[in-house]
Amino acid sequence: MSTDIRIKKGLNINLVGAAEPTTSRAVSSNVYAINLSDFHGLVPKMIVREGAEVKVGEPLFCNKNYPEMKFVSPASGELVEIQRGARRKILSIKILADKEQKTLEHQPPDLKKADAARVRAFLLESGCWPFIKQRPYDVIANPDDVPKAIFISAYSTAPLAADINYTLKGKEKQLQAAIDALSKLTPGPIHVGVGKGENSPFSGLEGITRHQVSGPHPAGLVGTLINRVDPISKGERVWTLSPQDLVILGETLLTGKFNPERVVALAGSCVKSPKYYLTRIGAEISTFLYASGVEQKNIRVINGDVLTGSKTSPDGHLGFYNTTVSVIPEGDDYELFGWTRPVFNKISSTRSLTFSWLNPKKKYDLDTNTNGEHRAFVVTGLYEEVFPLDIYPMQLLKACMYKDLDEMEQLGLYEVAPEDFSLTEFICISKQPHQQIIREGLDLLQKEIG
Amino acid sequence: MSENKLTLKKRLHEIKHRLKGKKIAPAFGAFHTFLYTPDETTHSGSHVRAADDLKRTMNMVILALLPVLLFSFFNTGYQHFAAIDAASGAPRTLDLFGNFLTWENFWLGFVQVMPLVIISYAVGLGVEFIFAIIKGHEVEEGYLVTGMLVPLIIPVDTPLWMLVVAVVFGVVIGKEVFGGTGMNILNPALTIRAFLFFAYPTWMSGDKVWVHGAVDRAGTPDAISGETVLGYLAQNNTFEYSTADMFFGFIPGSVGETSAFLILLGGLFMIFSKIASWRIMVSAVLGSLAMGLIFNWVVDLGWVGESSRFYGLMSFEYWKHLIAGGLAFGIVYMATDPVTGSQTHRGKWIYGFLIGFLSVMIRVFNPAYPEGVFLAILLMNVFAPTIDHYVIRANVKKRLKRFKTATVYPQATDDKAEQLKAETV
């Protein structure tokens, strides 16, 4: 079964430096790291101490509020450092990798016979559970919940994002195993959005409801899919997963071994030969960054795509969920009369002496300059042009800013994640930090209502 | 050359860092960011940003206003000399290149209008700077447009001290007390206009204020006068201006409101560049046409006779309301202010329509206020949040309806829930 979803509102941000569809194996990293900032709202509790020897897939720490939920090591070696910040908050955990990688083996469940409890226990123990995120709140799913549906978007529309159809080629078996396991955890359907007319690895899978999605970004965001298919009401839970993570989850289910390998797109205008690399969660970005060559010195390395990723550096580590590493120039320079002169080399959603509307196919080399200062909300009606959800974006943002819980609920905060506001943030004339506002709103709502 | 630029850039950068955290920093920042877009980079969220900022947006409105300003120079001069000719018994006929676009007209207009522009900007920005320094926030761009709008919507001979008082009032009470640009409820330019109108009514209406020199010469043998189209109609008098004169703007009136043609061009420019809402403009035009048609219809039915004091304005052809007085200017440049207008698409239709509708109604029924448009817009500014509230309620209701059929499963490990489930199944 498949249905068509056509998104009209949105904006494709075409950037220079999309990854060429060739994959190289990255040199193996000396040090692997897990950044705790990848798991929003998690309170970790260490299981192993500094100096301990761990295998791939061996638990490093767990969720303090749900000790069965384990977070496992992406490498085998010595745990060399637990980096702590203010109030001894754990920031990252570093593992010095051995030459020979040993993997911890689990007994995988028999997917034909296993019940929900068995699958859940396996996913929690094997370190796969954190791949499952929930909405509302866009955090790691609570294993006690029974979601009304699970949503997966296999349509990549974000700028410079890895092409899922390429990176997941040949992984049908793992995907099917993951789907089979997940379907035991919900009585509802598993919705998968695939690009219309694309040759998706999901097209042959069973047990899913396929949606042929077309249109500009954010058509590929899972939030858009949810909003079109079955929006979330208060009290409801849905789970979301990214296709790359499904592969790891599926492989672990099939082999009993947590395999943190994934294909990552290295893209952006600062990369000399942008392409795909086979690497691992937590690997040093420099292990593949310099293999492709870097054009400039003053660069911003982003864990993720340019709209939603997090800032890192060449000696940073690949994030837990990331499938893209973007490298773009920093924009810390002044521009003479930048506010009034005609602009040909930047993207704009208006036509105010900006000329990106003349050639929508042109590829741009954008830097990290904000192109203006932070202001109060002034202009109206522009966000709606790039925001396909049935929500009033500016009103919701304002409700989050003045912390009116009732209004946040009524205007649809349960349905969104910060990433849904990445495009409105991109075009925002007042340069407001939309994703941060939404994140703070979600945190408040979760704290007050739960 | 390029080296010179580099040092200026570096020097300003150093000054910026030296002033950081000091009271004067926002004032310096205002000039610095005027010259250079800042070196700020993204910290959270999206790492790249679109090209537009608020300065650019405001700049577009000013660009759309420039033709109107330029035209006002010529028209101010032309109306002055035409009134003198008329007073001496030899009314002149318009000749665009012969007696309109002349250096004489331009210079007279320039000398009269520029002081209004300069005072408006100097006082308004002065207030903005003071507030920015006291409150320690950046100087925001809102006044760049307000400062240009104000001189264009007042009579040309408005004394400068009056303008100073009005601008201070308008910026402080109309904007700063609410928290500055983006927070105000009423359109600041119209607050200034309303203040002038109610504080100094004799300077804002009558047949002596619309033409430069008429006030000074009143009571002398050289007396001149110039009545606006609406002024004639309000007194049930006929006027000599052709429809083309009214459309292109060769008539007396507030400084920049006369040329419907250039306002139309400005409006199209702002719609094309997506700076102003076409929804508000179109619906306001429809609203004014609707009200005008109703009045015409009432006259056609014979309910209002020629003896009525409303006859002149009521029988005025419905579409001509758009080219007389400040209606066009108000619709294009004032009603579309995004901060004080409706913020939802559907709300904009309602808001705009009512502005057009009420403008013509006030104009006709209250001849003391021939300029109904500024009152209509201020009134709708007040109602805009209410309109939006009801538009948004529709979206909220949809969500609440969905909530009734929400699919919530009991938690998997909740024993009681398991029991309940077992009982119900």
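Taking the range A:192-215 only, how many residues are in contact with a helix residue (DSSP H, G or I) (Cβ under 8 Å, 6 or more places away or on another chain) and part of a loop (DSSP other than H, G, I, E, B)?
Summing the residues that are in contact with a helix residue (DSSP H, G or I) (Cβ under 8 Å, 6 or more places away or on another chain) and part of a loop (DSSP other than H, G, I, E, B) in the range A:192-215 gives 10.
Please verify whether the range B:204-225 includes one or more residues that are among the basic types (Lys, Arg), within 14 Å of chain A (Cβ to nearest Cβ) and not in a loop (DSSP other than H, G, I, E, B).
Here is the first cut: in the range B:204-225, the residues among the basic types (Lys, Arg) are B:208, B:217.
After this cut, where a residue has to be within 14 Å of chain A (Cβ to nearest Cβ) as well, the list is none.
No, because not a single residue in the range B:204-225 is among the basic types (Lys, Arg), within 14 Å of chain A (Cβ to nearest Cβ) and not in a loop (DSSP other than H, G, I, E, B).
From (1) more than 22 Å from the chain's Cα centre (by Cα); (2) in the same structural domain as B:Trp278 (by TED's automatic domain parsing); (3) surrounded by fewer than 23 Cβ atoms within 10 Å (Cβ to Cβ), pick out the condition that doesn't hold for B:Leu70.
Here B:Leu70 meets the rest and fails (1).
Is it true that some residue in the range A:343-357 is under 29 Å from B:Asn184 (Cα atoms) and in a strand (DSSP E or B)? So that I can check it myself, show each step before the final result.
Keep residues of the range A:343-357 that are under 29 Å from B:Asn184 (Cα atoms), which gives A:348-354.
Restricting the remaining residues to those that are in a strand (DSSP E or B) gives A:354.
Yes, that holds for at least one residue.
For the list (1) within 14 Å of another protein chain (Cβ to nearest Cβ); (2) in contact with a Pro (Cβ under 6 Å, 6 or more places away or on another chain), I need the number of the one condition that A:Ala154 fails.
Single failed check for A:Ala154: (1).
From the list B:Ala64, B:Ala86, which one is away from chain A (no Cβ under 12 Å), surrounded by 12 or more Cβ atoms within 10 Å (Cβ to Cβ) and touching a residue at least 12 places away in the same chain (Cβ under 8 Å)? Can you show your working first?
Values: B:Ala64 fails: away from chain A (no Cβ under 12 Å).
Among B:Ala64, B:Ala86, only B:Ala86 is away from chain A (no Cβ under 12 Å), surrounded by 12 or more Cβ atoms within 10 Å (Cβ to Cβ) and touching a residue at least 12 places away in the same chain (Cβ under 8 Å).
Specify which of the listed residues (B:Met270, B:Met246, B:Met291) is within 14 Å of chain A (Cβ to nearest Cβ) and either closer than 21 Å to B:Tyr351 by Cβ or in a helix (DSSP H, G or I) (or both).
Details: B:Met246 fails: within 14 Å of chain A (Cβ to nearest Cβ); B:Met291 fails: within 14 Å of chain A (Cβ to nearest Cβ).
Within the list B:Met270, B:Met246, B:Met291, the selection yields B:Met270.
So how many residues does the range A:417-450 have that are under 30 Å from B:Lys55 (Cβ atoms) and under 24 Å from the mean Cα position of the chain (by Cα)? Don't jump to the end; show me each part of the working.
First, pick out the residues of the range A:417-450 that are under 30 Å from B:Lys55 (Cβ atoms): A:418-441.
Now drop any that are not under 24 Å from the mean Cα position of the chain (by Cα), which leaves A:418-428, A:431-441.
Count: 22.
Yes or no: B:Leu186 surrounded by 19 or more Cβ atoms within 10 Å (Cβ to Cβ), in the same structural domain as B:Gly89 (by TED's automatic domain parsing), outside any helix (DSSP H, G or I) and modelled with pLDDT of 85 or more? Give the derivation first.
Working: surrounded by 19 or more Cβ atoms within 10 Å (Cβ to Cβ): yes; in the same structural domain as B:Gly89 (by TED's automatic domain parsing): yes; outside any helix (DSSP H, G or I): yes; modelled with pLDDT of 85 or more: yes.
Criteria met by B:Leu186.
From the set of residues in the range A:59-75 that are buried (at least 21 other Cβ atoms within 10 Å of the Cβ) and in a loop (DSSP other than H, G, I, E, B), which is farthest from the chain's Cα centre (by Cα)?
Residue satisfying both the conditions and the ranking: A:Ala75.
In the range A:148-176, which residues are under 26 Å from A:Gly41 (Cβ atoms) and over 20 Å from the mean Cα position of the chain (by Cα)?
Of everything in the range A:148-176, just one residue is under 26 Å from A:Gly41 (Cβ atoms) and over 20 Å from the mean Cα position of the chain (by Cα), namely A:Lys148.
Among the listed residues B:Val123, B:Val177, identify the single one that is under 24 Å from B:Phe28 (Cα atoms) and free of Cβ contacts under 8 Å to residues at least 24 places away in the same chain.
B:Val177
B:Lys23 passes all but one of (1) surrounded by fewer than 23 Cβ atoms within 10 Å (Cβ to Cβ); (2) more than 13 Å from chain A (Cβ to nearest Cβ); (3) outside any loop (DSSP other than H, G, I, E, B); (4) modelled with pLDDT under 90; which number fails?
(3)
Within the range B:315-326, how many residues are surrounded by fewer than 21 Cβ atoms within 10 Å (Cβ to Cβ) and in contact (Cβ under 8 Å) with a residue 24 or more places away in the chain?
Taking the range B:315-326 as the starting set, the residues that turn out to be surrounded by fewer than 21 Cβ atoms within 10 Å (Cβ to Cβ) are B:315, B:317-320.
From the residues that got through so far, the ones that are in contact (Cβ under 8 Å) with a residue 24 or more places away in the chain too are B:317-320.
Qualifying residue count, the range B:315-326: 4.
What number of residues within the range B:26-52 are of a type in the set (Asp, Glu) and either more than 10 Å from chain A (Cβ to nearest Cβ) or within 23 Å of A:Asn14 (Cβ to Cβ) (or both)?
Start the filter on the range B:26-52 by keeping residues that are of a type in the set (Asp, Glu), which leaves B:39-40, B:52.
Subsequent filtering for residues that are either more than 10 Å from chain A (Cβ to nearest Cβ) or within 23 Å of A:Asn14 (Cβ to Cβ) (or both) retains B:52.
Of the residues in the range B:26-52, 1 are of a type in the set (Asp, Glu) and either more than 10 Å from chain A (Cβ to nearest Cβ) or within 23 Å of A:Asn14 (Cβ to Cβ) (or both).
For a quick check of your reading of the model, give me the residue pairs whose first member lies in the range B:386-399 and is more than 9 Å from every other protein chain (Cβ to nearest Cβ) and free of Cβ contacts under 8 Å to residues at least 60 places away in the same chain, whose second is crowded, with 20+ Cβ neighbours inside 10 Å and of a type in the set (S, T, N, Q), with beta-carbon atoms closer than 7 Å and at least 6 apart or on different chains.
Here the result reads B:Ile387/B:Ser342, each pair linking the range B:386-399 to a residue that is crowded, with 20+ Cβ neighbours inside 10 Å and of a type in the set (S, T, N, Q).
State which residue pairs qualify: first residue in contact (Cβ under 8 Å) with a residue 24 or more places away in the chain and inside the range B:237-252, second residue surrounded by fewer than 19 Cβ atoms within 10 Å (Cβ to Cβ) and among the basic types (Lys, Arg) in any location, beta carbons under 8 Å apart, and separation of 6 or more residues or different chains.
Cβ pairs passing all conditions: B:Thr243/B:Lys320; B:Met246/B:Lys320.
Answer yes if at least one residue in the range B:366-380 is touching an Asp or Glu at 6+ places or on another chain (Cβ under 8 Å), buried (at least 21 other Cβ atoms within 10 Å of the Cβ) and assigned by TED's automatic domain parsing to the domain that holds B:Thr336, and no otherwise.
Kept after step one, since they are touching an Asp or Glu at 6+ places or on another chain (Cβ under 8 Å), are these residues of the range B:366-380: none.
Looking through the range B:366-380, none of the residues is touching an Asp or Glu at 6+ places or on another chain (Cβ under 8 Å), buried (at least 21 other Cβ atoms within 10 Å of the Cβ) and assigned by TED's automatic domain parsing to the domain that holds B:Thr336.
Kindly check whether there is at least one residue in the range A:412-427 that is more than 10 Å from every other protein chain (Cβ to nearest Cβ), of a type in the set (Val, Ile, Thr) and crowded, with 22+ Cβ neighbours inside 10 Å.
First pass over the range A:412-427, keeping only residues more than 10 Å from every other protein chain (Cβ to nearest Cβ): A:413, A:416-417, A:420.
Then keep just the ones that are of a type in the set (Val, Ile, Thr); that gives A:416.
Next, from what is left, pick out any that are crowded, with 22+ Cβ neighbours inside 10 Å: A:416.
The answer is yes; a qualifying residue exists.
A:Leu42 versus (1) closer than 28 Å to A:Leu442 by Cβ; (2) within 14 Å of another protein chain (Cβ to nearest Cβ); (3) in contact (Cβ under 8 Å) with a residue 60 or more places away in the chain: which is the lone unmet condition?
So the condition that A:Leu42 fails would be (2).
Condition first: within 19 Å of the chain's Cα centre (by Cα) and assigned to a strand (DSSP E or B). Can you find one or more residues in the range A:241-258 that meet it?
In the first step, residues of the range A:241-258 are kept if they are within 19 Å of the chain's Cα centre (by Cα); the result is A:241-250.
Within this subset, residues satisfying the condition of being assigned to a strand (DSSP E or B) are A:241.
Within the range A:241-258, one or more residues are within 19 Å of the chain's Cα centre (by Cα) and assigned to a strand (DSSP E or B).
Give the residue that is farthest from the chain's Cα centre (by Cα), with candidates limited to residues of the range B:327-362 that are assigned to a loop (DSSP other than H, G, I, E, B), within 11 Å of chain A (Cβ to nearest Cβ) and surrounded by 23 or more Cβ atoms within 10 Å (Cβ to Cβ). So that I can check it myself, show each step before the final result.
Filtering the range B:327-362 down to residues assigned to a loop (DSSP other than H, G, I, E, B) leaves B:335-344.
Imposing the further condition that a residue be within 11 Å of chain A (Cβ to nearest Cβ) reduces the set to B:336-344.
Checking the rest, the ones that are also surrounded by 23 or more Cβ atoms within 10 Å (Cβ to Cβ) come to B:336-337, B:339-344.
Numbers: B:Thr336: 7, B:Asp337: 7, B:Val339: 12, B:Thr340: 10, B:Gly341: 11, B:Ser342: 14, B:Gln343: 16, B:Thr344: 19 Å.
If we take residues in the range B:327-362 being assigned to a loop (DSSP other than H, G, I, E, B), within 11 Å of chain A (Cβ to nearest Cβ) and surrounded by 23 or more Cβ atoms within 10 Å (Cβ to Cβ), then B:Thr344 is farthest from the chain's Cα centre (by Cα).
Conditions (1) charged (D, E, K, R); (2) more than 10 Å from chain B (Cβ to nearest Cβ), marked per residue:
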{"residue": "A:Lys346", "(1), (2)": "yes, no"}
{"residue": "A:Ser349", "(1), (2)": "no, no"}
{"residue": "A:Tyr364", "(1), (2)": "no, no"}
{"residue": "A:Ala376", "(1), (2)": "no, no"}
{"residue": "A:Tyr402", "(1), (2)": "no, yes"}
{"residue": "A:Glu407", "(1), (2)": "yes, no"}
{"residue": "A:Gln410", "(1), (2)": "no, no"}
{"residue": "A:Ile437", "(1), (2)": "no, no"}
{"residue": "A:Ile449", "(1), (2)": "no, yes"}
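Of the numbered conditions (1) in contact with an Asp or Glu (Cβ under 8 Å, 6 or more places away or on another chain); (2) within 14 Å of another protein chain (Cβ to nearest Cβ); (3) closer than 30 Å to B:His47 by Cα, A:Asp144 fails exactly one; give the number of that condition.
With respect to (1) in contact with an Asp or Glu (Cβ under 8 Å, 6 or more places away or on another chain); (2) within 14 Å of another protein chain (Cβ to nearest Cβ); (3) closer than 30 Å to B:His47 by Cα, A:Asp144 is out only on (3).
Test of understanding: among A:Ser310, A:Ser326, which residue is within 30 Å of A:Gly57 (Cα to Cα), touching a His at 6+ places or on another chain (Cβ under 8 Å) and more than 7 Å from chain B (Cβ to nearest Cβ)?
Working: A:Ser310 fails: touching a His at 6+ places or on another chain (Cβ under 8 Å).
None of the others qualify; the one that does is A:Ser326.
Which pairs have Cβ atoms under 7 Å, sit 6 or more apart or on different chains, and link a residue in the range A:72-91 that is free of Cβ contacts under 8 Å to residues at least 60 places away in the same chain and under 29 Å from A:Lys257 (Cα atoms) to one that is small (Gly, Ala, Ser) and surrounded by fewer than 21 Cβ atoms within 10 Å (Cβ to Cβ)?
A:Glu78/A:Gly51; A:Leu79/A:Gly51; A:Leu79/A:Ala52; A:Gln83/A:Ser92; A:Leu91/A:Gly85
Assess whether B:Phe31 counts as being within 34 Å of the chain's Cα centre (by Cα), of a type in the set (Phe, Trp, Tyr) and exposed (fewer than 15 other Cβ atoms within 10 Å of the Cβ). Spell out the reasoning first.
Details: within 34 Å of the chain's Cα centre (by Cα): yes; of a type in the set (Phe, Trp, Tyr): yes; exposed (fewer than 15 other Cβ atoms within 10 Å of the Cβ): yes.
Taking the combined requirement at face value, the residue satisfies it.
The values are calculated or read from the model by the stated rules, or taken from the named source; none is laboratory data. What you see is a predicted model; the values in this text were computed from it and never measured. All Cβ positions, even for glycine, are placed from backbone atoms using ideal geometry, and neighbour counts span all protein chains on display.
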